[in-house]
1. Once fully extended, how much extra length lies between residue 19 and residue 198, figured as 0.36 nm per residue of separation less the alpha-carbon to alpha-carbon distance?
2. For a Förster distance of 25 Å, can you work out the FRET efficiency between the beta-carbons of residue 118 and residue 231, rounded to the nearest 0.05?
3. How many angstrom lie between the C-alpha centres of the stretch 167-222 and the stretch 1-66?
4. Of all DSSP beta bridges located in the stretch 136-253, what percent are antiparallel, nearest 5?
5. I need the shape label for the stretch 165-236. Rule: rounded when a/c is under 1.5, else prolate if a/b > b/c, else oblate, with a, b, c from the alpha carbon gyration tensor.
6. Using 0.36 nm times the number of residues separating residue 54 and residue 242, minus their current alpha carbon distance, what extension gain do you get?
7. So, in nm, how far is label residue 141 from label residue 92 when the simple model puts each one 7 Å beyond its Cα toward the Cβ?
8. What is the extension gain from residue 250 to residue 165, computed as 0.36 nm multiplied by their sequence separation minus the C-alpha to C-alpha distance, in nm to one decimal?
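Each reported figure results from applying straightforward, stated rules to the coordinates on display, with no laboratory input. Every value quoted in this text rests on a predicted model; they were computed, and no experiment measured them. We place every Cβ from the backbone using ideal geometry, glycine too, and count neighbours over all the protein chains shown.
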Ligand code: PXP
């Protein structure tokens with residue numbers, strides 16, 4: 001039954017590497033952060049190996065694949081170079097994302113509908129290697145349907161527009177997320193969501209019953225500066241769980 005699905009938390013540790021790279025040394029270590037995240041209640045670790053290697057490095061991916069016990073979700077652009085890296089390390093999952101060198105972060109979802117022929121072989125080759133592939137898309141009916149056509153088992157809905165919006169626009173963005181998540185479920189796709197989520201914005205997204213995983217990074221690493229990573233992850237986890245159980249109409253103990 002949909003409402004009983006657990007909600008997993010994937011902790012994105014990219015920005016631990018951003019801070020490390022500011023000085024070019026080895027501290028702080030993303031693998032240490034991943035281990036700490038596991039101890040604090042994360043269900044998975046997400047890392048984005050960008051083409052320009054601005055945060056996570058090839059060596060980080062190798063170390064994460066080797067050293068962490070939690071499932072690793074490798075975010076990557078759909079390029080032959082990234083595919084070769086994924087096939088070499090065989091993470092539990094890969095999330096295909098659009099990537100532009102000039103962007104500060106992943107600014108929008110993949111145009112799956114417009115790039116079917118280019119993306120389909122990547123999904124197929126990752127699947128053949130046993131890597132569960134998700135497509136990072138905007139919460140848009142056309143994109144969800146295209147993801148289904150392409151054969152991806154998972155979609156991750158971009159929550160950035162929802163997090164950035166205010167007032168009525170935010171309500172509209174939340175409704176788009178709800179509709180896209182319901183459609184994904186109807187089409188047999190597993191639905192994840194992420195980007196820009198914070199203590200303030202996570203609850204409404206966590207309450208959407210057909211979403212089974214949230215991937216959260218920047219806010220958690222930023223919050224860790226003030227109260228520690230352990231405490232930031234535990235609070236996020238608690239807010240997610242509370243929102244999900246409130247949405248189910250469960251009484252708090
Ligand atoms: N999901 C995907 C596909 C992403 O590209 C990112 C950012 O790397 C996230 C989730 C996490 O976003 P944030 O760091 O804003 O929490």
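1. Details: separation 179, 0.36 × 179 = 64.44 nm, distance 1.95 nm.
Computed gain between residue 19 and residue 198 is 62.5 nm.
2. Working: r = 43 Å, r/R0 = 1.70.
Efficiency for this residue pair is about 0.05.
3. Here the two parts' Cα centres lie 20 Å apart.
4. Values: 0 of 11 bridges.
Antiparallel: roughly 0 percent of the beta bridges in the stretch 136-253.
5. Numbers: a/c = 3.06, a/b = 1.65, b/c = 1.85.
Oblate shape, in that a/c is at least 1.5 and b/c is the bigger or equal ratio.
6. 64.2 nm
7. 3.4 nm
8. Details: separation 85, 0.36 × 85 = 30.60 nm, distance 2.92 nm.
Gain on stretching residue 250 to residue 165: 27.7 nm.
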